[in-house]
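The values are calculated or read from the model by the stated rules, or taken from the named source; none is laboratory data. Predicted, not measured: the structure shown is a model, and the values here were computed from it. Cβ sites come from the backbone with ideal geometry, for glycine too, and all protein chains shown count toward neighbours. Heads up: the accessible areas ignore ligands, DNA and RNA and are worked out on the full protein's heavy atoms, side chains in. Shrake-Rupley method; radii C 1.70, N 1.55, O 1.52, S 1.80 Å.
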Amino acid sequence: MFLFAGILLFNACLDDLNQMPHVESTADDVYSDPANYKAVLGKLYTALVIQGQQKDGNRDFDGNSGDESYMRSFFNLQECGTDEVASTWLEGDNIGNLTFLSWDANDPWVSDMYYRIFYNIALCNEFLRHAKDEEIAGFTESEQAEIRHYRAEARFIRALCYYHALDLFRNIPFVTEDDPVGTYIPPRYEAKQVFEFIESELKEIDTDLLAPAECEYGRASKAAAYALMAKLYLNAEVYINTDHYSDCATYCQKVIDLNYFSLEPEYYKLFNADNNKRTNEIIFALPVDATHTVTWGATTYIICGEVSNTSDYQKPADYGVTDGWGMFRARGELPAVFDSNDQRRMFFEEGQKSQYLEIIDDQEYGFFFAKWTNLTDAGEQASNTADGGVNTDFPLFRLADVYLMLGEAVARGGSSVSTGAALQYVNLVKQRAYGDSYTPETSLDVDYFIEERARELYLECTRRTDLIRFNMFTTANYIWQWKGGIMDGMAVDSKYNIYPIPATDLTANPNLYNENY
């Protein structure tokens, strides 16, 4: 297992998007030793999870939301405005505008997600400047070969961050390791340029990424790059008005053809504190550890957040949690897409007034979630969540998602994989969910996937992107409670399909602008 202790190098304020992080030792000192490359690579991975170098201090940068961690911001932007999550602390956690689809260019969570993405890109660029062939030429052949693997992983992480930037913000500033450091003002790339960069990067690094069987847990293998490429292609029509459904199906099949992955028989084990053992299904995980990678975001936020801090019925110990935070519940539309035989239906209902939300920020309304836990396979609490957070990793990519992407891509016209083959994989997901009561799907209908993805992937940071792809996020095609800020829900301006570049960066970079904000 790749533990992300890293090297204590980075502690920066974000003055611009191509800053060089402050270092206690000079870069020449650090990169003179090939062993340090892996330590710095660890920082690139951990920056997707934790706020900085210490549990309660030494943050990478000071933001506006109160928790500037990548995955907590990402979760809020992907889940809180959808039909999945009802937030409790609308004002106290500054989450009201995300919840009601009414944010602007000054929203603290939007700003922190944006700056976290580009801070992480800056870290990757700095690593890549020192991992070029001419920079590592003085090391042994085996050391150079290892660093080339690290370099490919750094490019993957950067591509992942740029993908999130594309998905969330669309037209964005663009910087690579070949650009100057310091006062350089990045150009504005339009979505097509960002799309093509991600696509080319993921293709170019294929030969240098490790196969899954050779790759330490927590590091990105070839399969992770294939899964990210499939996501890029599945949403291409949204991003660049050109469909790539055949390409999506091709890359889903490339994951399958690695002959390494299979579905985990017990769905709930994908979301407990021993989920690091589920390498059969989890393609790429972000490790969370109460000793090495303590975070109050990522899965700590999800697990502590899904447990009430007022209920007389829901017990924190049943989830491996020391104390519940009472952050959120399910909006009523989510439980409604499940039937009683679906084993993925994991909600706590006892003592709740209603499945639906007469009052959105009242914990008595709506069901609590019960999908994620900090329990081991043996049913024991894995860590003291009040002190060190949870021990449950976040599976960013997993095989069931690949199967569903494949099915949807073929249903939308992708022709590189047969309908029969795609249907077989879709039914494997359904069969796990229903067990003995399983009845197979006999055809591929596009509309099936928006509900099936909710059933399979709720609370996994896919919902906003999925609803946009189905033209449901802002439109009247699908209305859920409190969409647009009223109890019965309403359509909102289509500008909310894309988050705005923060006002602070518009001031700093004259190349940037928001079309609709």
Protein accessible area in region 62-159, 1.4 Å probe - carbon and sulfur %: 42 percent
Nonlocal amide H pairs with PHE348, under 5 Å, H built at 1.01 Å: PHE368, PHE369, ALA370
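Between the DSSP loop rule and a limit of at most 14 other Cβ atoms within 10 Å, which chymotrypsin sites (Phe, Trp or Tyr not before Pro) in region 177-238 are left?
Details: sites: TYR184, TYR189, PHE195, PHE197, TYR217, TYR226, TYR233; in loops: TYR184, TYR217.
Filter output for region 177-238: TYR184.
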Residue-normalised accessible area of region 395-485, given per residue in Å² at a 1.4 Å probe: 32 Å²
Pairs from LYS203/LYS269; LYS222/LYS277; LYS192/LYS495; LYS132/LYS231 whose Cα-Cα separation, in the structure shown, is over 22 Å: LYS203/LYS269; LYS132/LYS231
Inter-site label distance for THR507 and LYS269 at 7 Å from Cα along Cβ, in nm: 5.3 nm
Listed residue (GLY297, PRO395, GLN355) projecting farthest to the positive dipole end of region 288-420, Cβ model: PRO395
Rough spin-label spacing in nm, given labels placed 7 Å along Cα→Cβ, for ASP206 and THR183: 4.4 nm
Tensor-based shape of the chain (alpha-carbon gyration tensor, a/c under 1.5 rounded, otherwise prolate or oblate): rounded
Sites excluded, GluC sites (Glu not before Pro) in DSSP loops with at most 16 other C-beta within 10 Å, longest stretch of the chain: 267-348
Sites ALA317 and SER340 - FRET efficiency at Förster radius 25 Å, r taken between beta-carbons, to 0.05: 0.40
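Is there a quick way to get the dipole size of the chain? I mean about its Cα centre, with the Cβ of Lys and Arg at +1 and of Asp and Glu at -1; what is the value in debye to the nearest 20?
Working: 41 positive and 81 negative charges, 134 e Å.
Taking the Cα centre of the chain as origin, the dipole is about 640 debye.
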Inter-part distance where region 312-378 and region 231-295 are each reduced to a Cα centre, Å: 25 Å
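Give me the percent of DSSP beta bridges within the chain that run antiparallel, rounded to the nearest 5.
About 95 percent, rounded to the nearest 5.
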Per-residue [θ]222 nm for the chain (sum of -39500 (n - 2.57) over DSSP H runs n ≥ 4, rounded to 500): -11500 deg cm²/dmol
Positive-end extreme of charge dipole, region 139-290 - chosen from ILE256, ALA220, ALA236 (charges on Cβ): ALA236
Distance between region 394-410 and region 444-486 - C-alpha centres, whole angstrom: 16 Å
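If the only charges are +1 at each Lys and Arg Cβ and -1 at each Asp and Glu Cβ, what is the size of the charge dipole of region 82-205 around the Cα centre, to the nearest 20 debye?
On the way: 11 positive and 24 negative charges, 41 e Å.
Roughly 200 debye, rounded to the nearest 20.
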Unit charges at the beta carbon, dipole of the chain: most positive-side option, PHE449, TYR150, VAL110: PHE449
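Quick check on region 141-244: take the gyration tensor over C-alpha atoms, sort the square-rooted eigenvalues as a ≥ b ≥ c, and tell me if it's rounded (a/c under 1.5), prolate or oblate.
Numbers: a/c = 2.61, a/b = 1.31, b/c = 2.00.
Taking the square roots of the gyration eigenvalues as a ≥ b ≥ c, region 141-244 is oblate.
All other residues with a Cβ under 12 Å from the Cβ of GLN78 taken together, and with Lys, Arg as +1 and Asp, Glu as -1, what is their net charge?
Working: positive: ARG72, ARG463, ARG464; negative: GLU79, GLU84, ASP167, GLU460, ASP466.
Net charge in that neighbourhood comes out at -2.
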Dipole magnitude of region 198-334 about its Cα centre (Cβ charges: Lys, Arg +1; Asp, Glu -1), debye to nearest 20: 260 debye
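Pull out the extension gain between GLU441 and GLU196, defined as 0.36 nm times the separation in residues minus the alpha carbon to alpha carbon distance; nm, one decimal. Mind showing how you got there, number by number?
Details: separation 245, 0.36 × 245 = 88.20 nm, distance 3.54 nm.
Full extension from GLU441 to GLU196 adds 84.7 nm.
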Sparse-neighbour loop sites [chymotrypsin sites (Phe, Trp or Tyr not before Pro); region 391-449; at most 16 other C-beta within 10 Å; DSSP]: TYR438
Virtual spin-label span in nm between GLN144 and GLU380, 7 Å along Cα→Cβ: 4.9 nm
